[in-house]
Amino acid sequence: MPFRLCTIYSSPARLDAMLDRERLSLAAALDRLAPRGAAYAHDVEGPDDMPAHIRSMLTSTSLSVPVSAGRMVLGTWQALYLIEHRDRPYTREVVLHYLGTRRG
């Protein structure tokens, strides 16, 4: 079987790609670990900026997923989510890089 891989990358770094089965539970956990409005030393860009940096460190801006028969190989309950860590709207870029061999 040919090897294929899809890499998902988001930029800037406060938008993360992740695989998970419990998106809402993860969002609640991130809220507890890096609460908005806490007393952070870095708050020049707003009260959601430092929590966004912390959340990005805990998640990831890129993710690689194997591909088979033209579909991402995911677990039964897994899904791909993009998580925006900032409260204000920003322009984000999501890049997909597909790497593999020809069908043979």
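Values in this text are rule-based calculations from the coordinates and carry no lab data. Here the structure is a predicted model, which means the values were calculated and not measured. Positions of Cβ are backbone-derived with ideal geometry, glycine not excepted, and every protein chain shown enters the neighbour counts.
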Got a sec to turn the phi values of region 3-12 into Karplus ³J(HN,Hα) couplings, 6.51 cos²θ - 1.76 cosθ + 1.60 with θ = phi - 60°, whole Hz, x for Gly and Pro? 8, 9, 8, 10, 9, 10, 10, 10, 9, x
One can check that the equivalent ellipsoid of region 4-100, built from the alpha-carbon gyration tensor with semi-axes equal to the square roots of five times its eigenvalues, has lengths in Å, largest first, of 28, 15, 9
On the formula 1/(1 + (r/R0)^6), with r taken between the Cβ atoms of PHE3 and LEU58 and R0 of 22 Å, the FRET efficiency rounded to 0.05 is 0.15
Exposure proxy order (Cβ contacts within 10 Å, fewest to most) of SER10, SER25, SER60: SER25, SER60, SER10
With 10 angstrom as the radius, rank THR76, THR101, THR59 by how many other C-beta atoms surround their C-beta, starting from the fewest. THR76, THR101, THR59
Karplus 3J(HN,Hα) series, Hz, for region 69-81 with 6.51 cos²θ - 1.76 cosθ + 1.60 (x for Gly, Pro): 6, x, 10, 5, 8, 10, x, 3, 9, 7, 8, 8, 10
For LEU96 and ALA41 in the same chain, what is the full-extension length gain: residue separation times 0.36 nm, less their Cα-Cα distance, in nm? 16.3 nm
Could you put MET72, MET50 in order, starting from the residue whose Cβ has the fewest other Cβ atoms within 10 Å? MET72, MET50
